[in-house]
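The values are calculated or read from the model by the stated rules, or taken from the named source; none is laboratory data. Note that this is a predicted model, so its numbers are computed, not measured. When we count neighbours, we look across all protein chains shown, and the Cβ atoms used for this are built from the backbone with ideal geometry, even at glycine. The area values use the complete protein model at the heavy-atom level, side chains included, leaving out ligands, DNA and RNA. Shrake-Rupley method; radii C 1.70, N 1.55, O 1.52, S 1.80 Å.
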Amino acid sequence: MQFDDRLATVLRMQTGSVRAAHTQFRQLLDLAGSAPEGADDAQLETAYERLSMLSAEIPAEIRAMMVREPGLRLRNPAFVAYLASQETPVAIAAMNNAQLTEDQWEALIPALPTAIRAHLRQRADLPQATRDLLALLGVRDLVLPQPADSPTIIDQPQTVRARPKPAPVAAEPEHVDPIEIVLLENEPILDLDPALALASEDGNGGIGALVRRIEAFQRARASAPATPSPDAPRLPLGEQHDDELPDAPQSFDFTTDADGRIAWADASVAPMTVGMALAGRKADAPARADAATLAAMRRRQPVRGGKLVLEGAPAIAGHWRMDAMPVFSTSGGRFSGYRGRMRRPTIVPTAESAPQARDSHADRMRQVIHELRTPVNAIQGFAEIIQQQLFGPTPNEYRALAAAIAGDAARMLAGFEELDRLVKLESGALELDEGVSDLNAIVAGTTAQLDQVLRARSAALSLLATGNACPVPLARNDAEMLVWRILATLAGAVSPGEELQAVMAQNGRQTGLEIDLPASLAGRDDLFESTAPAQSQAVSAGMFGAGFTLRLARAEARAAGGDLRREEDLLVLTLPLSTAVRTDLLNNNVDLERRMADTARGH
């Protein structure tokens, strides 16, 4: 039997600072958005009230950015309806990130504001039935207001009724009657703004009532007869046949500028594609490419079969494959953009390939990390309160114990960050920051620091490398952490009197680092298997042992386009060389000598 008290734990947190308010708002988003059916209505109502209070303190742009985070789980239809009633940036972010079932979408869509519903039509991963419903309702997106005596229409902020899958009838070209979508007679309806229901004082309000209404709509839809009642009004839509629609292009040629933005395209798609950025990394960008395509474009390499999803007009919306070659100017050889062709894939993903409501392994792992991080954060906070005597004088003995607890909590949180980083890298949910750094200089500096520590144990770590720069497509912080994880892990496993040698080499396209394995690691069958860490080490790169740290380093290397593997008694790191070399790399050798001299004086 499991007892879930995460929501109660988060609600007990104090929000005395801006950072604490942001943290609690983000945690409430995740917990309320993933709340299952039958959850405690009282706690959910308290969570909604706290969200409303925090919304008054946090700007809409920041809240929208939190809602757009990739790891957020928006699977509760009542909570999605609540977010849809907020400011436009928040509502649009919720529509982009919501993961509902087909029935939940069809119950919610008619109640959405017109502007939000029109934006939702741009999503390409919705079930086909949901997209059909949006297409039927789309005729009301850009029309003049109806007379005061007209029936209730779906683009008014009122209670709305919906009947799924209406039968088409012939439309009169001279006049289009106001649209009224109704349920079967005497069926419950779905309110637009669940916040109004939460604010009501009667017993019918609250999250439970909204969920019951959605369930009632789903039951009515499942039990409805296949043939609609002749008395039920029908939508005057759907009369256009497929042969009246223009043929969608299956391919088109294009060119881009140096920033990856389309500068020219075939005349049939030019108005819909020119100006679209193909290398954008934002989740709500109109063109979203996979990680391999983005990496190739960042390195100015050819793209073959790159996967993209375009949003916009129906003629270009959907999945595409891209073949493109980089173009360099004849004078100076400067990169000027790409020239290529877009083509439709042979098999277009269908509604069955849309994100499922079930948790993946990475989602479950992130949920476990979240559940562990929350109490540790609370323990660390209380320990710091005691250690700093914020609530009054405290004996020094207790202050020392509290300081030790705060330090242990900080180390645990650092370990959780490593776990979260590994899960996101291996699942493709995280991309490393863009940048260029000199791997040769970083390896030389790290080797010199570790060698000073190993000398005290009669051990040694030496480096054999040329003085040439090795620019790799990694930000300096990521490159330093990658090198530190590898070298510090091996140095921590060195026995007294043992000597290791590292060799740097490059072949024009990639650079490699080979390091001798210590005897304690050379005997392992699987070098990347997580094992219990040693009790005492002179150098440690992580709290989860050598296997986990090397596995994390391998995930980082692969995210950068390289690899980390074992070859007999050697550990080999390979990374591609970057074609974009910064001028400040030319001074790395000078900076390295200065840092090494400072380190030597410090020892």
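DSSP loop chymotrypsin sites (Phe, Trp or Tyr not before Pro) in the stretch 1-106 with at most 11 other Cβ atoms within 10 Å of their Cβ, which ones?
PHE3
When all C-alpha to C-alpha distances in the stretch 455-555 are sorted into bins of 5 Å, what percent of pairs does each bin hold, rounded to whole numbers?
2, 11, 21, 24, 20, 13, 7, 2, 0
Contact order normalised by length for the stretch 1-132, with contacts defined as Cα pairs under 8 Å and 6 or more residues apart; what percent is it?
20
If you roll a 1.4 angstrom probe over the protein chains with everything in place, what fraction of the accessible area of the stretch 359-487 belongs to carbon and sulfur, to the nearest %?
On the stretch 359-487, the fraction of accessible area on carbon and sulfur atoms equals 57 percent.
Taking H as built 1.01 Å from N, whose amide H comes closer than 5 Å to the amide H of SER34, not counting residues under 5 places away?
Long-range HN contacts for SER34: ARG75.
What relative contact order, as a whole-number percentage, does the stretch 356-494 give when Cα pairs under 8 Å and 6 or more residues apart are counted?
The normalised contact order for the stretch 356-494 reaches 22 percent.
Run through every distinct alpha carbon pair of the stretch 245-310 and return the Kirkwood hydrodynamic radius in angstroms, one decimal place.
Hydrodynamic radius (Kirkwood, Cα only) of the stretch 245-310 equals 12.6 Å.
How much length is gained on full extension from ARG304 to GLU499, taking 0.36 nm per residue of separation minus their Cα-Cα distance?
My answer for the length gained is 65.7 nm.
Express as a percent, rounded to the nearest 5, the fraction of DSSP beta bridges in the stretch 442-581 (both residues included) that run antiparallel.
75
What order do ILE62, ILE405, ILE515 take when sorted by accessible area (1.4 Å probe), most exposed first?
Numbers: ILE62 50, ILE405 80, ILE515 0 Å².
Result, largest first: ILE405, ILE62, ILE515.
Provide the packing ranking of 553-563, 380-390, 121-131, i.e. peptides ordered by the mean count of other C-beta atoms within 10 Å per residue, highest first. Could you put the intermediate results ahead of the total?
On the way: 553-563: 20.5, 380-390: 15.5, 121-131: 17.0.
Per-residue Cβ counts within 10 Å, averaged per peptide and sorted highest first, yield 553-563, 121-131, 380-390.
Tell me, what is the FRET efficiency for THR330 and TRP264 to the nearest 0.05, using R0 = 22 angstrom and their Cβ-Cβ distance as r?
In this case the efficiency is close to 0.75.
Give me, ordered by chain and number, the residues 5 or more places off TRP264 or on other chains with an amide H under 5 Å from its own placed amide H.
Close amide H contacts, sequence-distant or interchain: THR255.
Explain nothing, just compute: Karplus ³J(HN,Hα) = 6.51 cos²θ - 1.76 cosθ + 1.60, θ = phi - 60°, for every residue of the stretch 480-494 in order, whole Hz, x for Gly and Pro.
So the J values, rounded to whole Hz, are 5, 5, 4, 5, 5, 4, 6, 5, 5, 5, 5, 5, x, 8, 6.
So, R0 is 45 Å and r is the distance between the beta-carbons of GLN250 and GLN452; what FRET efficiency does that work out to, to 0.05? Please report the intermediate quantities before stating the final value.
Numbers: r = 63 Å, r/R0 = 1.40.
Efficiency at R0 = 45 Å is approximately 0.10.
Could you work out how far apart the two model spin labels at ALA285 and LEU401 are, taking each label as a point 7 Å from the Cα in the direction of the beta carbon, and quote it in nm?
For the pair ALA285/LEU401, the computed spacing is 5.4 nm.
What is the sum of charges, Lys and Arg at +1 and Asp and Glu at -1, for the other residues whose Cβ falls under 12 Å from the Cβ of ALA289?
Every neighbour counted, the sum reads +4.
Send over the Kirkwood Rh of the stretch 364-449, from the inverse of the averaged 1/r over different Cα pairs, rounded to one decimal Å.
With all distinct Cα pairs of the stretch 364-449 included, I get 15.9 Å.
What is the gain in length, in nm to one decimal, between GLU87 and THR101 on full extension, counting 0.36 nm per residue of separation less the C-alpha to C-alpha distance? Please report the intermediate quantities before stating the final value.
Values: separation 14, 0.36 × 14 = 5.04 nm, distance 2.42 nm.
That works out to 2.6 nm of additional length.
Counting only heavy atoms of protein chains, what accessible area per residue, in Å², does the stretch 404-477 have with a probe of 1.4 Å? Write down the numbers at each step before the final one.
Values: 3230 Å² over 74 residues.
Here the residues of the stretch 404-477 average 44 Å² of exposed surface.
Quick one: net charge around PHE335, please, counting Lys, Arg +1 and Asp, Glu -1 for every other residue with C-beta under 14 Å from its C-beta.
Working: positive: ARG261, ARG298, ARG299, ARG300, ARG334, ARG339; negative: ASP257, ASP259.
Around PHE335, the surrounding residues sum to +4.
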